[in-house]
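What follows is one structure encoded as structure tokens, with my remarks underneath.
The values are calculated or read from the model by the stated rules, or taken from the named source; none is laboratory data. The structure displayed is predicted, hence computed values, not measured ones. Glycine gets a Cβ as well: all are built from the backbone with ideal geometry, and neighbour counts include every protein chain shown.
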Amino acid sequence: MLTVRVRFAPSPTGSLHIGGARTALFNWLFARRQGGVFVLRLEDTDTGRNIEEAVTQIQSSLRWLGLDWDEGPDRGGPYGPYRQSERFELYRKEAQRLLENGHAYWCYCTPEELARQREEARKRGEVPRYDRRCCELDEATRRAKEVAGIRPALRVRMPRTGTTVVRDLIRGEVSFDNSTLDDIIIQKSNGGPTYNFACVVDDAAMNITHVIRAEEHLSNTPKQIVLYQLLGYDLPEFAHVPMILAPDRSKLSKRHGATAVEEFRTDGFLPEAIVNYLALLGWSPGDEREQMTLEEIQSLFTLDAVSKHAAIYDVRKLTWLNAQYLNSLPLPRVVEAVLPFMQEAGYVSRDPSAAEVDYLSRVVEAVRSRIHTLVELRDAATYFFRSDYEYEEKGVRKHFSKPGVIDILARGCEALAGVAEDRFTVEETEKAYRQVIERLGIPGGALIHPTRLALSGRTVGPGLFDIIATLGKEECLARIDRAIDWIESFVLSGAKMNKPF
RNA sequence: GGCCCCAUGGUCAAGUGGACUAAGACACCGGUCUUUCAAGCCGGUAACGCGGGUUCGAAUCCCGCUGGGGUCACCA
């Protein structure tokens, strides 16, 4: 059996989009499942629109997602080069073949003229289509055009009768009436190939067996199939995967929030979650599984389980999945993922010591269950790294303004002081606190809430004793002392004034 | 507008003529647990776009309509 070869062929005009990422993912999954080869090819024939930065950006996004390729611009391969801008000779050679066997002809119409022709056709209520006026130009006229400085484009004479059938692995057979096919340009007047041509030539030259791409290319396919036939190439299999739409059913764009993989990365999403979510968008394992590893998805993936209809992208489910991963991945993995965020915030040094990593691990363990993204994780953990926080106003009102709170906090502080440094654990500190609560005959919250506010400045967060044990004895005592001072100077007098009773 | 694709709750999605009184997940709403907030657990609201066929029987097959999307470049 022939080795499966698929390709992901982005145009380096911007960063990797979520839609492109899913197309890449499906290609990757198919290749890996079939024991095939995954090729990365850059479709950079429009030299004016290329952004070199996009090339590295796209590659880094793919790598970050865990989608590795076997052949590509950076690593070469037996069918290279893998940038179309370096393959112009091949395209010219193939175009020449078409010209020689009469399937192609030179067109001297300028873009302006063509636009006018289209406009006129539209006015007459006709489908705009090239009228082949350059098809039979005599030598003299051609020479005259050339002398006038007009560089021609090369067109392919498409069949005007019959039908072309696209056999699609996801949609079945889709047929197009050949009369709707226009004489497409395969070589621009600047000598470069157009997309439809370069794509066909390369897919054939690179022995691509399955063309898996977005649905927007379905209408291009009949033209491409004709090119395959005219060039004498074998047809690959086609599979057009449904589009990803924005919540308002329109095409996904920047105004719909984050759409680039890179943005998700900086917004604190894990590649595990993104890949998982993308797989679920348009594909299903057929059972109730939701959270799956790349390996698991890979072993289950088939093209015929891909749905036919477009899917609306929903960031809330992605967020939920991200939270699931944050909460279930091995701790070191989450620590590794959040580290850059912590370093950027200045909470952890650039070259962290083992002790720093250890401390960060304990912090992550304490807060990971109540956050959805790495950004949230970073923000939920600030007070573990700095003590210059302010006390939440709502908390001050609820917990720092109660009569006797200073005394209660002082008792708690004493109790913690009584716990030996090397036994400053969740269990021991809780035991000490419970004793205070019992001795004072107060509800647990009367001590626990003000302590939380003192230690974190917040009213919500991890279990208090997790905070206490993580912060450590010295820090806890200092923070409670500071809170007591603060209450004395800011709350006591103010509270009296605000509350007449 | 021509051509093409698609159509199950707000969203993802299972379903391939009878097990459908239509699964599961997100979101939402309740409850539970609890030192807070989450998480977890339990429960709830909510869907086969419409109209014709075919069939003993249709979410499932056919036709029409409607709706959505894609595409009609010397962009990819």
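Where helices (runs of 4 or more DSSP H) fall entirely within the range A:418-501, those with at least 1 residues that are at pLDDT 95 or above and within 13 Å of RNA strand B (Cβ to nearest atom) are at A:426-440, A:444-456, A:464-471. Taken across the range A:24-40, residues that are modelled with pLDDT under 95, farther than 20 Å from A:Asp202 by Cα and within 16 Å of RNA strand B (Cβ to nearest atom) do not occur at all. Please work out if A:Ser284 is small (Gly, Ala, Ser), more than 7 Å from RNA strand B (Cβ to nearest atom), surrounded by 13 or more Cβ atoms within 10 Å (Cβ to Cβ) and under 18 Å from A:Leu25 (Cα atoms). Considered against the rule, which asks whether it is small (Gly, Ala, Ser), more than 7 Å from RNA strand B (Cβ to nearest atom), surrounded by 13 or more Cβ atoms within 10 Å (Cβ to Cβ) and under 18 Å from A:Leu25 (Cα atoms), A:Ser284 comes out as no. Looking only at the range A:260-274, residues that are among the β-branched types (Val, Ile, Thr) and either surrounded by fewer than 23 Cβ atoms within 10 Å (Cβ to Cβ) or within 9 Å of RNA strand B (Cβ to nearest atom) (or both) come to 1 in all. The set of residues in the range A:128-143 being surrounded by 13 or more Cβ atoms within 10 Å (Cβ to Cβ) and outside any loop (DSSP other than H, G, I, E, B) consists of A:Arg142 alone.
Here A:Glu71, A:Glu43 are screened, and the one residue that is in contact with a Cys (Cβ under 9 Å, 6 or more places away or on another chain) and within 16 Å of A:Ile208 (Cα to Cα) is A:Glu43. One residue stands out in the range A:16-58 among those that are assigned to a helix (DSSP H, G or I) and among the charged types (D, E, K, R): the one that is surrounded by the fewest Cβ atoms within 10 Å (Cβ to Cβ), namely A:Glu52. Filtering the range A:171-186 to residues that are β-branched (Val, Ile, Thr) and more than 7 Å from RNA strand B (Cβ to nearest atom) leaves A:Ile184, A:Ile186.
Please determine whether any residue of the range A:69-84 is of a type in the set (A, V, I, L, M, F, W, C) and outside any loop (DSSP other than H, G, I, E, B). No, that holds for no residue. Could you please find all residues in the range A:433-481 being over 13 Å from A:Phe384 (Cα atoms), among the polar types (S, T, N, Q) and surrounded by 14 or more Cβ atoms within 10 Å (Cβ to Cβ)? Hits for the range A:433-481 are A:Thr451, A:Thr459. Residue pairs whose Cβ atoms lie under 6 Å apart, separated by 6 or more positions or on different chains, with the first residue in the range A:473-485 and over 19 Å from A:Arg458 (Cβ atoms) and charged (D, E, K, R) and the second at pLDDT 95 or above and surrounded by 14 or more Cβ atoms within 10 Å (Cβ to Cβ), are A:Lys473/A:Phe424. Every listed requirement among (1) buried (at least 16 other Cβ atoms within 10 Å of the Cβ); (2) in contact with a strand residue (DSSP E or B) (Cβ under 6 Å, 6 or more places away or on another chain); (3) more than 17 Å from A:Val156 (Cβ to Cβ) is met by A:Asp183 save one, (3). Residues of the range A:378-407 that are more than 21 Å from A:Gly444 (Cα to Cα) and assigned to a helix (DSSP H, G or I): A:Arg378, A:Asp379, A:Ala380, A:Thr382, A:Tyr383, A:Phe384, A:Glu393. Within the range A:41-59, the residues that satisfy the criterion of being farther than 21 Å from A:Val241 by Cβ and within 11 Å of RNA strand B (Cβ to nearest atom) are A:Asp44, A:Thr45, A:Asp46, A:Thr47, A:Gly48, A:Arg49, A:Asn50. The number of residues in the range A:75-110 being touching a strand residue (DSSP E or B) at 6+ places or on another chain (Cβ under 9 Å) and loosely packed, with under 12 Cβ neighbours inside 10 Å comes to 1. Just one of the numbered conditions (1) more than 8 Å from RNA strand B (Cβ to nearest atom); (2) free of Cβ contacts under 8 Å to residues at least 60 places away in the same chain; (3) not in a strand (DSSP E or B) is not true of A:Leu154: (3). For the range A:308-330, the set of residues classified as in a loop (DSSP other than H, G, I, E, B) and near RNA strand B (Cβ under 8 Å from one of its atoms) consists of A:Lys308, A:His309, A:Ala310, A:Tyr313, A:Asp314, listed by residue number. Of all residues in the range A:204-221, one or more are under 19 Å from the mean Cα position of the chain (by Cα), of a type in the set (A, V, I, L, M, F, W, C) and either near RNA strand B (Cβ under 10 Å from one of its atoms) or surrounded by fewer than 18 Cβ atoms within 10 Å (Cβ to Cβ) (or both).
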